[in-house]
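Since the structure comes first, as structure tokens, the remarks are kept for the end.
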């Protein structure tokens, strides 16, 4: 009995050490390291779709995929600090027009409003190295036909002529995937109330989303609006 | 029953304490010997270099002063004392930050480049100094009429010596900030900026720079920059090509600060350490024509880093990496086999209240153990500090001092110690850390049961010389033929 107990304690101690020694994957560092690969021309304006495409093309587990997608703003293309908070909001589902609630990781407040107004969600199924999963992705319509394509955005990132450039961004039903809606699910009434009454997604977004575009001067979202509207 | 339980608890604690040291390494690695520095008043200092300024065969620490005198600290009668009093060297009124020494005129004496900066970025008021010696008098080469048109009047940070042609004629790469990089050489007896001809005249936020055998058999350059990509400048017959993107060391959205060359895998080649300001620190090792960052979570943790140094402080045959942070505790890591970084908890040299701005190593007292001099300043005047590792009695050393054909330290050459246990390369420091330059000696501690020593020196022209039958516990001077 004594021997068993001592062995158990030894095992416990070793397990404790292994846990301490084990190196966790540093997703943020990887995105920083590969930034110049993702944006060879150093222009990341509204280039969330480039991040999404880069991430989904990697050999990921589902957990990796989720963690990477917490680290960039789908609207502005900015990196986000690890452990940043997300915004709880809703978006319209393309197919059903239902409201889908979930968490959105953003670089700054206006991006939450812009993503709510100018983008939609679609359900996407994908096979990761640890199995297939379904999740909601945030999409914008094909911007490649625009006459007023914003000149601060690298058009070649998104478009191959008037078509979506499938080598550079992820194309889902002829819409560009710009990011992931985390924990996406059909909204309940309480969820919608929560979003509408929230200081940011409610009052602030109502103000921002009713301001004429030419009067908006906050954040990179303005460029995104020109791309996504 | 109670006694039995206590016994189990004891056993558990014993087992646990046996395993615990895997992560929390030894205490009291350094001892503080700052008391040997005479007249060690609070001052604003930055870069530190190591050279034999008075040509007596012993190196001195050259410490820059930012609105304070530059110092040349020599070891005399058990004390570190300033040995130069000439005004042009002390230069009390200028604000010196970067310093590097090398023989630019092939006379065997290392000229000293002092980079002055009186503005953060762009055009500055006072130029740099290039101190030479004639008839025991120090003078500034830039003050000679013929050299005035080539003054560096751009704010800068670090400087590094580069023997780009491998002929012993050093040039000086000046990492400017908000203006073009400069590369000074003596041509027709005149100091000339050759940056444009050599593809080096880029504008960036220059911070730290190293030179040595990184990619080729000639002097390559790695420059860690701020607000812009790093440069990895491959030497193509004396001209340079930036290959940082291809080799994946451009680190474009981080802000470089301190850098050093280190044989991280003990495999006989120099890889790159790059400390980023409040960003992930890098331990780049070359694998399949790309550098891979192998720094672990403890090593890469962002900090307010300045200088980074790779050296074997405790003579155990494994290098340590010293990270000098400003207004944040310093850090020390041991590089174990396979590039595994193990943090050594510091007590002395932790400097929780220290405003570290530079640091350099040298065996200043010639006892076979390195001393670490740390300078301080920027936003708080502080005295210098000096540390030495607590070395185990049985630890031994070997120091290799390559001298080029002109009799000057062969900065940028690579020394490799080959034994039954390792193939360990070290650069003869041409400039490294942040604003600093280490002693021009390859210092090795000796491992347990290590034998069959052989030394390879790869000179700056890529040619190699070998020395066999090495006795340890000595400094060996190897002269280029």
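The values are calculated or read from the model by the stated rules, or taken from the named source; none is laboratory data. Because the structure is a prediction, the values reported are computed rather than measured. Don't worry about glycine lacking a Cβ; one is built from the backbone with ideal geometry, like all the others, and counts go over all protein chains shown.
Candidates in the stretch B:379-407 are the residues that are in a loop (DSSP other than H, G, I, E, B), at pLDDT 95 or above and closer than 24 Å to residue B:97 by Cα; of these, the one that is nearest to the chain's Cα centre (by Cα) is B:384.
Restricting B:290, B:337 to residues that are within 23 Å of residue B:417 (Cα to Cα) and surrounded by fewer than 22 Cβ atoms within 10 Å (Cβ to Cβ) narrows the list to B:337. Restricting attention to the stretch A:149-167 and to residues that are closer than 15 Å to residue A:43 by Cβ and crowded, with 19+ Cβ neighbours inside 10 Å, the residue that is modelled with the highest pLDDT turns out to be A:159.
Looking only at the stretch B:400-418, how many residues end up being over 25 Å from residue B:209 (Cβ atoms) and either surrounded by 20 or more Cβ atoms within 10 Å (Cβ to Cβ) or free of Cβ contacts under 8 Å to residues at least 12 places away in the same chain (or both)? The qualifying residues number 1.
Among the residues of the stretch B:158-180, those that are under 15 Å from residue B:116 (Cα atoms) and touching a residue at least 40 places away in the same chain (Cβ under 8 Å) comprise B:158, B:159, B:160, B:172, B:173, B:174, B:175, B:177, B:178, B:179.
If you go through the stretch B:215-231 and pick out every residue that is farther than 17 Å from residue B:308 by Cβ, at pLDDT 95 or above and within 14 Å of chain A (Cβ to nearest Cβ), you end up with 2.
Quick one: would you say residue A:3 is surrounded by fewer than 17 Cβ atoms within 10 Å (Cβ to Cβ), over 30 Å from residue A:138 (Cα atoms), more than 10 Å from chain B (Cβ to nearest Cβ) and modelled with pLDDT of 60 or more? When the stated conditions are applied, residue A:3 passes them. Please find, among B:354, B:339, the residue that is touching a residue at least 24 places away in the same chain (Cβ under 8 Å), within 21 Å of residue B:210 (Cα to Cα) and over 19 Å from the mean Cα position of the chain (by Cα). So the residue among B:354, B:339 that is touching a residue at least 24 places away in the same chain (Cβ under 8 Å), within 21 Å of residue B:210 (Cα to Cα) and over 19 Å from the mean Cα position of the chain (by Cα) is B:339. Taking the criterion of being at the interface with another protein chain (Cβ under 9 Å from one of its Cβ atoms) and at pLDDT 90 or above, the residues of the stretch A:17-33 that qualify are A:26, A:28, A:29, A:32, A:33. Being farther than 28 Å from residue B:326 by Cβ, surrounded by 24 or more Cβ atoms within 10 Å (Cβ to Cβ) and free of Cβ contacts under 8 Å to residues at least 60 places away in the same chain holds for only one residue in B:233, B:200, and it is B:200. Listed by position, the helices (runs of 4 or more DSSP H) enclosed by the stretch A:34-139 that each have at least 1 residues that are away from chain B (no Cβ under 14 Å) and touching a helix residue (DSSP H, G or I) at 6+ places or on another chain (Cβ under 9 Å) are A:48-56, A:62-68, A:109-118.
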